[in-house]
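Each remark here refers to the structure printed beneath this line.
The values are calculated or read from the model by the stated rules, or taken from the named source; none is laboratory data. All of these numbers come straight from a predicted model, not from anything done at the bench. All Cβ positions, glycine included, derive from the backbone under ideal geometry; neighbour counts span all protein chains shown.
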Amino acid sequence: MQLATAIFLIVVGLAFAWSMGAHYTGAVMGMPYGSRSIRLWPALGLMAVMTTLGATFASHRVQYTVGLHIVDAARVTIAEAIIIVLSAVILTTIYTYLKVPTSTIQILVFCVVGVGLAAGIPIHWDTIGRLALTWVLAPPVAAVLGFLFTKLFDQFLPPGIAKPSEVIGIARILPLLLVMVGMGSSFVLGANDVANATGVFIMTSVMGVWLAGLAGGLAMALGALTWGRRILDRVAFDVVHLDLIMASAAQLVQALVVISAVTQGLFTSMNQALIGAMAGTGLARGRQAVQWRTILGIFEGWLISPASGLAIAYGLTWLLLAVWGARG
């Protein structure tokens, strides 16, 4: 029975990683693809490779944060770990289907909190507080940096370049640099987000960090390749009217903001960092460049996702305990 539940946990965890790979295509390749610096399948292929590398080699500190420092991991059963990940899978898949870029990090963390509250597991509120502060600061910091980087680039490059065919002079390097930044963001995605799916493997000791990172990274790569176009189109074309300089600034800012968190063992939303940066670049071009209705819809998704994660995980845990009795 214990082996069967452990195998089921692994299957559900990797399904969550697959769902995240599909959900975050826009966050890492939306700018290169939206600016026509790269075509669809090369974008998804490069993302798949770089995400796997980031998950395998740079995710260990974040995996430990999720697995050991949100709740008292020693008191989490495999059944409860399954509820954590299953709740996150359900919600992430729903948001992906609705084409709403949300934060799987916030969903996952509040699924852990929901299980902890329902099962009476001690919660490390100091870790939650540090993560929440990071989440609150990341979008406005990204917006300010996106605004400043766009203004800076405008001093050296001709503004308003809409696509690579219009690039002249020194600006010819922009499409290549943008693709490279997208690759870097894909690496950061693996390092930053794979722990959402694999932290429960560390929590329950079913895998070590190296194997968990590799398995999760491969599942994320598969998600990007099989269902990634849905969110990629949304972020690339429906948030801000982009030119090449804006796209370069937004993707670079996103990578800087997220990698700054990862190096501290924290993790923040790739989508929130990118949308914040895109809003900043849009404001640098004037308010009319920003699709404010789309931004508002995405913001509403950010508010709903933590509460929905807590609610579904709490409810499923309460049901589990009601059916099978006291924790044992």
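For Ile121, indicate whether it is crowded, with 22+ Cβ neighbours inside 10 Å and not polar (S, T, N, Q).
Considered against the rule, which asks whether it is crowded, with 22+ Cβ neighbours inside 10 Å and not polar (S, T, N, Q), Ile121 comes out as no.
For Trp125, indicate whether it is under 27 Å from Leu86 (Cβ atoms), at pLDDT below 90 and out of contact with any strand residue (DSSP E or B) (no Cβ under 7 Å at 6 or more places or on another chain).
no
From the list Val12, Val28, which residue is within 16 Å of Ser103 (Cα to Cα) and in contact (Cβ under 8 Å) with a residue 40 or more places away in the chain?
Every option except Val28 fails the conditions.
Are there helices (runs of 4 or more DSSP H) fully within segment 1-75 with at least 1 residues that are buried (at least 18 other Cβ atoms within 10 Å of the Cβ) and of a type in the set (Lys, Arg)? List them.
none
Looking at segment 158-187, I want the residues that are basic (Lys, Arg) and have a partner that is modelled with pLDDT of 90 or more and part of a helix (DSSP H, G or I) with Cβ atoms under 6 Å, at least 6 apart or on another chain. Which pairs are those?
Close Cβ pairs (under 6 Å, with a partner that is modelled with pLDDT of 90 or more and part of a helix (DSSP H, G or I)) do not exist here.
Of a type in the set (Lys, Arg) and farther than 30 Å from Leu174 by Cβ - does that describe any residue in segment 38-52?
There is no residue in segment 38-52 that is of a type in the set (Lys, Arg) and farther than 30 Å from Leu174 by Cβ.
Ala142 - would you say it is out of contact with any helix residue (DSSP H, G or I) (no Cβ under 6 Å at 6 or more places or on another chain), of a type in the set (Gly, Ala, Ser) and at pLDDT 85 or above?
Against the criterion (out of contact with any helix residue (DSSP H, G or I) (no Cβ under 6 Å at 6 or more places or on another chain), of a type in the set (Gly, Ala, Ser) and at pLDDT 85 or above), Ala142 does not qualify.
Considering only segment 76-98, state which residues are of a type in the set (S, T, N, Q) and either part of a loop (DSSP other than H, G, I, E, B) or at pLDDT below 90 (or both).
Across segment 76-98, the qualifying residues are Thr77, Thr92, Thr93, Thr96.
Search segment 99-139 for residues being assigned to a helix (DSSP H, G or I) and charged (D, E, K, R), and hand back the single one that is nearest to the chain's Cα centre (by Cα).
If we take residues in segment 99-139 being assigned to a helix (DSSP H, G or I) and charged (D, E, K, R), then Arg130 is nearest to the chain's Cα centre (by Cα).
Does any residue of segment 76-83 turn out to be touching a helix residue (DSSP H, G or I) at 6+ places or on another chain (Cβ under 6 Å), under 21 Å from Gly129 (Cα atoms) and buried (at least 24 other Cβ atoms within 10 Å of the Cβ)?
So far as segment 76-83 goes, no, none of its residues is touching a helix residue (DSSP H, G or I) at 6+ places or on another chain (Cβ under 6 Å), under 21 Å from Gly129 (Cα atoms) and buried (at least 24 other Cβ atoms within 10 Å of the Cβ).
Residues checked against (1) within 18 Å of Leu266 (Cα to Cα); (2) crowded, with 22+ Cβ neighbours inside 10 Å:
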| site | (1), (2) |
| --- | --- |
| Leu189 | yes, yes |
| Asn192 | yes, yes |
| Ala197 | yes, yes |
| Gly213 | yes, yes |
| Ala221 | no, yes |
| Ala224 | no, yes |
| Trp227 | no, no |
| Leu232 | no, yes |
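Of (1) out of contact with any Pro (no Cβ under 8 Å at 6 or more places or on another chain); (2) at pLDDT below 90; (3) closer than 20 Å to Leu152 by Cβ; (4) surrounded by fewer than 24 Cβ atoms within 10 Å (Cβ to Cβ), Met278 satisfies all except one. Which?
Unmet condition: (4).
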